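S.K.: I'd like to ask you about the structure that follows.
The values are calculated or read from the model by the stated rules, or taken from the named source; none is laboratory data. None of the values given here were measured: they were computed from a predicted structure. Cβ placement follows ideal geometry from the backbone for every residue including glycine, while neighbour counts extend to all protein chains displayed.
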Amino acid sequence: MPPKEKKMKKILFVFVLAAIVATGTVFADHPGGFGIGVQGGTGGIWRSGGYGGHHHGALSLKIPGIPIFWAISASGGEHYLTVGVAGDVYIIDEILIPDINMHWYLGLGLGVGVGIGDNYFGLGVEGRLPIGISWQPIPLIEIFLQVVPKIGIGITPDFYFGGGWGGDIGIRFWF
């Protein structure tokens, strides 16, 4: 097995192990029901050879009984489309301002993205560290703002290490 493949398997193993360890912790202090919403944001990635930015929109989901906050995202332009799925587990969710039901959170997550363009196909995997604030003015509505540092690997069209950040603002409805 070539050295690059061995290194990639080790990195993926670390990401999977982190997700497994995170799921054994106490989870977020959010409602126990079904949550669905939308979020929008911006971000950037760096890798050898440069830095690029993008804007995206996402569907936000929280399924009862599963401690993962999901985001299904898309971004695009005239000659490309990128879609991704990310799952985050909040390992800290504490009250920040009790009088208005505002919390802060810190999580661990994984994401995968696919990019398609003119004569291009890209696939990447990332580890995520969402840090944010969440406000529930009433039990039905949650408004959140987060920053997400990331580190990952590009698998195709060439193998590379990279990193970056994302920022999102969103609203979720709880049922």
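S.K.: Does GLY122 fit the bill of being under 16 Å from the mean Cα position of the chain (by Cα) and either surrounded by 19 or more Cβ atoms within 10 Å (Cβ to Cβ) or part of a strand (DSSP E or B) (or both)?
M.R.: no
S.K.: When both residues are 6+ apart or on different chains and their Cβ atoms are under 6 Å apart, which pairs have a first residue that lies in the stretch 97-118 and is in contact (Cβ under 8 Å) with a residue 40 or more places away in the chain and on the phi < 0 side of the Ramachandran plot, and a second that is surrounded by 14 or more Cβ atoms within 10 Å (Cβ to Cβ) and part of a helix (DSSP H, G or I)?
M.R.: LEU108/ALA18; LEU108/ALA22; LEU110/PHE15; LEU110/ALA19
S.K.: Shifting gears a bit: Does TYR120 count as over 25 Å from PHE34 (Cβ atoms) and either at pLDDT below 95 or touching an Asp or Glu at 6+ places or on another chain (Cβ under 7 Å) (or both)?
M.R.: Yes: the conditions hold for TYR120.
S.K.: Quick one: count up the residues across the stretch 140-175 that are crowded, with 19+ Cβ neighbours inside 10 Å and more than 20 Å from TYR120 (Cα to Cα).
M.R.: Count: 10.
S.K.: Pull out all pairs, ordered by first then second residue, where Cβ-Cβ is under 8 Å, the residues are six or more apart or on different chains, the first lies in the stretch 75-95 and is aromatic (Phe, Trp, Tyr), and the second is assigned to a strand (DSSP E or B) and surrounded by 12 or more Cβ atoms within 10 Å (Cβ to Cβ).
M.R.: Within 8 Å, the pairs are TYR80/GLY115; TYR80/ILE116; TYR80/GLY117; TYR90/PHE69; TYR90/TYR105; TYR90/LEU106; TYR90/GLY107.
S.K.: Another question, if that's okay. Would you call ILE155 closer than 30 Å to GLY32 by Cβ and either at pLDDT below 95 or in a strand (DSSP E or B) (or both)?
M.R.: Numbers: closer than 30 Å to GLY32 by Cβ: no; either at pLDDT below 95 or in a strand (DSSP E or B) (or both): yes.
Criteria not met by ILE155.
S.K.: Can you tell me which residue among ILE45, ILE131 is in contact (Cβ under 8 Å) with a residue 40 or more places away in the chain, under 15 Å from TRP165 (Cα atoms) and out of contact with any helix residue (DSSP H, G or I) (no Cβ under 6 Å at 6 or more places or on another chain)?
M.R.: Values: ILE131 fails: in contact (Cβ under 8 Å) with a residue 40 or more places away in the chain.
Matching residue, one of ILE45, ILE131: ILE45.
S.K.: Let me ask something else about it. If you go through the stretch 24-46, how many residues are at pLDDT below 75 and not aromatic (Phe, Trp, Tyr)?
M.R.: Qualifying residue count for the region: 8.
S.K.: Would you mind stating whether PHE144 is among the aromatic types (Phe, Trp, Tyr), over 16 Å from ASP93 (Cβ atoms) and touching a residue at least 24 places away in the same chain (Cβ under 8 Å)?
M.R.: no
S.K.: Considering only residues of the stretch 47-92 that are aromatic (Phe, Trp, Tyr) and at pLDDT 90 or above, which is surrounded by the fewest Cβ atoms within 10 Å (Cβ to Cβ)?
M.R.: Looking at residues that are aromatic (Phe, Trp, Tyr) and at pLDDT 90 or above, I get TRP70.
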